[in-house]
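Step one of this worksheet: look at the structure below.
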Amino acid sequence: MSAVDRLVLLGRAGLDTITALGRSGLFLVNVMFGRASFGNGWALLVKQLHSVGVLSLAIIVVSGLFIGMVLALQGYNILVGYGSEQAVGQMVALTLLRELGPVVTALLFAGRAGSALTAEIGLMKATEQLSSMEMIGVDPLKYVIAPRLWAGFISMPLLAMVFCVVGIWGGAMVAVDWLGVYSGSYWTNMQNSVQFVDDVLNGLIKAVVFAFVVTWIAVFQGYDCEPTSEGISRATTRTVVYASLAVLGLDFILTALMF
Amino acid sequence: MRIRNLELTVGVFILAGVLALTVLALRVAGLTPGSTGSTYSVHAYFDNVAGLTSRAKVTMSGVTIGQVTAIEFDKNRYSARVDMAIDSDVDTLPADSTASILTAGLLGEKYVGISVGGEEDLLVDGSEIYDTQSALVLEELIGRFLLNTVSKED
């Protein structure tokens, strides 16, 4: 292969990447603004909220509980050396609200719900269900894509809030009930140092941004995948990888802007 | 019936999310609705507020009676102005009460402690606490201690 051929390949790969980015942007605009609503939307949205949100609840609650417990245990072991183990409450709460709550929820959400969305939509495309819908005059963006996108936007921030609460409760269980930190100082230190707007609302904003990015990537990868079984498997992998990288990168930028 | 069950679980899920946000606001961030309505504000000037933050407790005899609302530097007096909101129930503070900046525990957070004076005039909304004691700065304390031991040896 000559040097010119390599250059051509490189250029084509670059153009492909930019085209895919543009296609996903147009896709998002079409789904969100091109159509006023999604048909007999409410029932479709409820069904997706169930499969995307409610079914993810178990993994979120269990991992939130264990992450809160581990944070309290580690925090206690470090802080007890300085004789300030009362600060374990504020440490657990701030870590969960600012960073771990939104980020870990988004990563779990990408693995649990995002990959499922990609695989489902990809298979619909591979078995030509999407093009059949178009043939009979039904818009797949409106009936298939839009409800899934909105369900993701709505459920991930809610999941992140549940994650934080369960984590803080798990931390209290370890610190107060097991390690014997005085429960008054656990909660009071927490309430003195956690600010509603700075910590809780900023964490919620992070969760909303991550929800947007993860769901967008998942749905677009499904819609844009190569309609073969290999293509679906590649698209599912890409969803998890891209979504995780995007969440971690965005988290740094958002933290730098917020705190 | 199947759709109805689906709607029920989704409803419970959304309710759980909203409830979680409320818990975070009330229990974790300590946001208490309507507590700001029944306070009056006083201010005091301190030479050094090192470590005192907004929303810190204002206590009397160890009981919380209010909180710090704002801290800013007064460039004309070269000192820090601390604004405090005191609960209106506590309206019998003499005008010559002392405000001092104290520390909870060895490394704990800073708070303002008020000790009672003897004057008959009372603190009202907008009045100033003249008698103040600044925060204890460990370096200054050690410096003074060293200076004392040196001058004793002379």
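Looking at the stretch A:94-198, which chymotrypsin sites (Phe, Trp or Tyr not before Pro) are in a loop (DSSP not H, G, I, E or B) and have at most 15 other Cβ atoms within 10 Å?
In loop regions of the stretch A:94-198 (DSSP not H, G, I, E or B), the sparsely surrounded chymotrypsin sites (Phe, Trp or Tyr not before Pro) are A:Tyr182.
Considering chain A as a Gaussian network with a 10 Å cut-off on Cα pairs, which listed residue, A:Ser115, A:Ser84, A:Ser51, attains the greatest mean-square fluctuation?
With Cα springs under 10 Å in chain A, the top fluctuation among A:Ser115, A:Ser84, A:Ser51 is at A:Ser84.
Chain B: longest stretch without exposed GluC sites (Glu not before Pro) (DSSP loop, at most 15 other Cβ within 10 Å), sites themselves excluded?
B:1-118
About the Cα centre, and with charges only on the beta carbon of Lys, Arg (+1) and Asp, Glu (-1), how big is the dipole of the stretch A:39-258? Nearest 20 debye, please.
Its charge dipole is roughly 140 debye.
Over chain A, with a Gaussian network built from C-alpha contacts below 10 Å, which listed residue (A:Gly167, A:Gly180, A:Gly81) shows the highest mean-square fluctuation?
A:Gly81
Given springs between every Cα pair under 10 Å in a Gaussian network model of chain A, which of A:Asp198, A:Asp16, A:Asp139 has the largest fluctuation?
Looking only at A:Asp198, A:Asp16, A:Asp139, the largest GNM fluctuation is found for A:Asp16.
Along the charge dipole of the protein assembly as shown, Cβ charges K/R +1 and D/E -1, which of A:Val247, B:Ile129, A:Ala20 sits furthest on the positive end?
Among A:Val247, B:Ile129, A:Ala20, the one farthest towards the positive end of the dipole of the protein assembly as shown is A:Ala20.
Restricting everything to alpha-carbon atoms, can you work out Rg to Rh for chain A with a Kirkwood hydrodynamic radius?
Checking Rg against Rh, the ratio lands at 1.08.
Which residues make up the longest stretch of chain B clear of trypsin sites (Lys or Arg not before Pro) that lie in a DSSP loop with no more than 16 other Cβ atoms within 10 Å, not counting the sites?
Longest gap between qualifying sites, sites excluded: B:78-154.
Report the charge-dipole magnitude of the stretch A:183-259 in Debye, nearest 20, computed about the Cα centre from +1 at each Lys and Arg Cβ and -1 at each Asp and Glu Cβ.
40 debye
Using Cα centres only, tell me the gap between the stretch B:83-154 and the stretch A:178-245 in whole Å.
For the stretch B:83-154 versus the stretch A:178-245, the Cα centre distance is 45 Å.
Can you give the helix-only mean residue ellipticity at 222 nm for chain B, where every DSSP H stretch with n ≥ 4 adds -39500 (n - 2.57) and the sum goes over all residues, rounded to the nearest 500 deg cm²/dmol?
Counting only the DSSP helices, I get -8500 deg cm²/dmol.
List every DSSP H helix in chain A whose Cα atoms extend 30 Å or more along the helix's own long axis and whose mean Kyte-Doolittle hydropathy is at least 1.6.
Both cut-offs are met by A:57-79.
Set Lys and Arg Cβ to +1 and Asp and Glu Cβ to -1, take the dipole of the stretch A:4-158 about its Cα centre, and tell me which of A:Gly114, A:Leu44, A:Ala58 lies farthest positive.
About the Cα centre, the residue reaching furthest to the positive side is A:Leu44.
Computed from the coordinates by the stated procedures, all read-outs in this text should not be read as laboratory data. The shown structure was predicted, so the numbers you read here are calculated from the model rather than taken from an experiment. Using ideal geometry, Cβ is built from the backbone for each residue, glycine included, and neighbour counts are taken over all protein chains shown.
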